[in-house]
Each structure stands twice: as C-alpha cells, then as structure tokens.
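> So that we are looking at the same thing, I have put the structure below in structure tokens.
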Amino acid sequence: MTLIASHRGGTHLWPENTRLAFSETAKLDVDLVEFDVHQTRDNKLVVHHDALIDRMTDGKGAIADFSYDELRRHLVIGSGGETIPTLAETIDIFGPSAVDLRLEIKTRLDGKPYEGMESRIADELLATDMLKRTMVTSFALSRLEAFSTALDERGLNVGELLGFIFLCSPLTVAQIGWRGVIAALGQSGIREIALRAESIDAEVMDLFQKNGVTVHGWAAHTSEAAKAMFRFGVASFTTDRPDLAIAAKRG
C-alpha cells in the first residue's frame, strides 16, 4: 500500500510547518505528516524547514543561534500570529489522530550536525510513545547513523520505526549514479530510500527492488505525480497538495 504524506503539513494549502497546517492535516485522509526538525541554541527541538528563519518569519537568523525564548519572539508569516512550533507541540497534535509522522532530521546552515539532536529526538518519541508511529528520514546518511546509535544506546533499534529512510537528491544521483547510491546504502545498512517523484520509473523501481531496497517518493505535488506514485507502488510519498493525492488515490 502506498502511503500519502502531507509535506510540511500541506505547503500549498496552509503556511508550512505551522500548528494550523498540522491541525488541518490531522483531519485529512492521509497516512503521514512530513516535517523537519532543527535545534535551538538551548537544545529545544523545533519544527521548521530552513536552517534560517528569514523566509518564513518576520525575523532573520539561524535557528541554531536563537534560544527558544528568543525564537518565540518571531511570528510565522501568514499564520495568524503563530510562532515556530516545537516537536512536542507537533506530536501533541498528531498523537490522538490517525496520522503518523515522517520526521526529517535537519542540519545547521553549514551542514554540520546539531550536537545531541538525534538523542533528543529519540527521547521525545519514546516519551510520547510515538517511536513506532514515526518514519525517520534525512538527506545526510551520517544523521541517520547517529539516530541509529541513539536507539542502540537505549536498547532499541531502527526496526522499531515505521520507516528509516535516506532522502536521495537528484544531485547525489548525478554525482555517483544509481549504483553508487546502492553501494552507499549497503555500507550504511539502510534499506529504504526516498527519491524525487520525477526520477522514479519502472526501471528505477526494479533496480532498487532487486537490491532489496524499499523505494519512497518525495515532491509529488500534482495529480499526475501522485497517480504515478500509486502506479509504481512506492511505499510512501510526500506532497504539498494532499487533497490532490487523496483524490488520486480514490480514483
């Protein structure tokens, strides 16, 4: 079964990664909500796509440079006065719902990791009993490995998750090719990959399936793209228009 993930809570329907978007997504007939996690200077886990707050708020600067209290002084544009939500607040919205989590681990603006963030995410998911309802994703294999280590240290493993997925960019494919991607997955022990929707076809699906890798999609924002994801049988896909994906699923 192909699962639908509302990307950042439905970016083309509501202000992305906001309580409003998440509350509306929780009412939809989707399987997952996709969102991104960063960490403030004082180690608070917050949900925001960019490492900078410039694009989405009335402020400027890197999340890593703000304390949580400082970050709360800035409002998300178009949200009706909302601040950037925390991971805990996001879980509070979806915990009682039927919508599970597709959580992306982000890095600092310079690509370096947030110290200890993977352990804090693991603790938050465990404390809220959401670990088994969460797909953990990242474009950085090193961050997935760090999350796996955090679970190991707690006597758990990534098999407890709903999914454990390497997000593969078209640039990575251009640089090392499909065989290089498969080799990198083999070295890391990760057996799930998410590819940009337009790069997925029957040949690509067959290649990864033959190598024991489960394929997910991302950026299927149109009706045609969503229909393709269902046709190819990807495990899940993200979309900025969950309403169009729901319609495509229903036929």
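The values are calculated or read from the model by the stated rules, or taken from the named source; none is laboratory data. As the structure is a computational prediction, the values presented were derived from the model and not from experiment. As a convention, Cβ positions derive from the backbone with ideal geometry for all residues, glycine included, and neighbour counts pool all protein chains shown. Accessible surface areas use protein heavy atoms only, side chains included; no ligands, DNA or RNA. Shrake-Rupley method; radii C 1.70, N 1.55, O 1.52, S 1.80 Å.
> Output the residue which, of all residues in segment 158-171 that are within 18 Å of the chain's Cα centre (by Cα) and part of a helix (DSSP H, G or I), is surrounded by the fewest Cβ atoms within 10 Å (Cβ to Cβ). Let's see the steps before the verdict.
Taking segment 158-171 as the starting set, the residues that turn out to be within 18 Å of the chain's Cα centre (by Cα) are 158-170.
Next cut, part of a helix (DSSP H, G or I) only: 158-160, 170.
Working: Val158: 18, Gly159: 8, Glu160: 14, Pro170: 11.
Residue satisfying both the conditions and the ranking: Gly159.
> Check Ser142 against each of (1) surrounded by fewer than 19 Cβ atoms within 10 Å (Cβ to Cβ); (2) over 20 Å from Thr107 (Cα atoms); (3) under 19 Å from the mean Cα position of the chain (by Cα) and name the one condition it does not meet.
Exception for Ser142: condition (2).
> Here's something else I'd like to know. Restricting segment 44-69 to residues that are assigned to a loop (DSSP other than H, G, I, E, B) and in contact with an Asp or Glu (Cβ under 8 Å, 6 or more places away or on another chain), which is most open to solvent (accessible area, probe 1.4 Å)? Write out each step before concluding.
The first filter runs over segment 44-69 and keeps only residues assigned to a loop (DSSP other than H, G, I, E, B), leaving 44, 48-51, 53-56, 58-61, 66-67.
If we keep only those that are in contact with an Asp or Glu (Cβ under 8 Å, 6 or more places away or on another chain) as well, we get 48-49, 56, 60-61, 67.
Numbers: His48: 9, His49: 46, Met56: 25, Lys60: 155, Gly61: 23, Ser67: 17 Å².
Among residues in segment 44-69 that are assigned to a loop (DSSP other than H, G, I, E, B) and in contact with an Asp or Glu (Cβ under 8 Å, 6 or more places away or on another chain), the one most open to solvent (accessible area, probe 1.4 Å) is Lys60.
> Looking at the structure I just gave you, is Gly155 without any contact (Cβ under 8 Å) to a residue 40 or more places away in the chain, on the phi > 0 side of the Ramachandran plot and either exposed (fewer than 15 other Cβ atoms within 10 Å of the Cβ) or aliphatic (A, V, I, L, M) (or both)? Steps first, answer last, please.
Values: without any contact (Cβ under 8 Å) to a residue 40 or more places away in the chain: yes; on the phi > 0 side of the Ramachandran plot: yes; either exposed (fewer than 15 other Cβ atoms within 10 Å of the Cβ) or aliphatic (A, V, I, L, M) (or both): yes.
Considered against the rule, which asks whether it is without any contact (Cβ under 8 Å) to a residue 40 or more places away in the chain, on the phi > 0 side of the Ramachandran plot and either exposed (fewer than 15 other Cβ atoms within 10 Å of the Cβ) or aliphatic (A, V, I, L, M) (or both), Gly155 comes out as yes.
> Residue by residue through segment 229-244, note down the ones that are within 11 Å of Thr2 (Cα to Cα), outside any loop (DSSP other than H, G, I, E, B) and in contact with a helix residue (DSSP H, G or I) (Cβ under 8 Å, 6 or more places away or on another chain).
Result: Met229, Phe230, Phe232, Phe237.
> Pairs please, first residue from segment 209-230 and under 20 Å from Arg8 (Cα atoms), second anywhere and among the acidic types (Asp, Glu) and open to solvent by 50 Å² or more (accessible area, probe 1.4 Å), Cβ atoms under 9 Å, 6+ apart in sequence or on different chains.
Short answer, once both residue conditions are applied: Ala219/Glu198; Ala220/Glu198; Ala225/Glu198.
> Looking at Ala26, is it surrounded by fewer than 19 Cβ atoms within 10 Å (Cβ to Cβ) and small (Gly, Ala, Ser)? So that I can check it myself, show each step before the final result.
Working: surrounded by fewer than 19 Cβ atoms within 10 Å (Cβ to Cβ): yes; small (Gly, Ala, Ser): yes.
For Ala26, the condition - surrounded by fewer than 19 Cβ atoms within 10 Å (Cβ to Cβ) and small (Gly, Ala, Ser) - is met.
> Also, I was wondering about something else. Report every pair of residues separated by at least 6 positions or lying on different chains whose Cβ atoms are under 9 Å apart, first residue within segment 125-149 and of a type in the set (Phe, Trp, Tyr), second open to solvent by 40 Å² or more (accessible area, probe 1.4 Å) and part of a helix (DSSP H, G or I).
Phe147/Val158
> Within the bounds of segment 87-98, is there any residue that is buried (at least 19 other Cβ atoms within 10 Å of the Cβ) and assigned to a loop (DSSP other than H, G, I, E, B)?
There is no residue in segment 87-98 that is buried (at least 19 other Cβ atoms within 10 Å of the Cβ) and assigned to a loop (DSSP other than H, G, I, E, B).
> Looking at segment 49-77, I want the residues that are free of Cβ contacts under 8 Å to residues at least 24 places away in the same chain and among the charged types (D, E, K, R) and have a partner that is open to solvent by 20 Å² or more (accessible area, probe 1.4 Å) and not in a loop (DSSP other than H, G, I, E, B) with Cβ atoms under 8 Å, at least 6 apart or on another chain. Which pairs are those?
From segment 49-77, the pairs are Lys60/Leu52.
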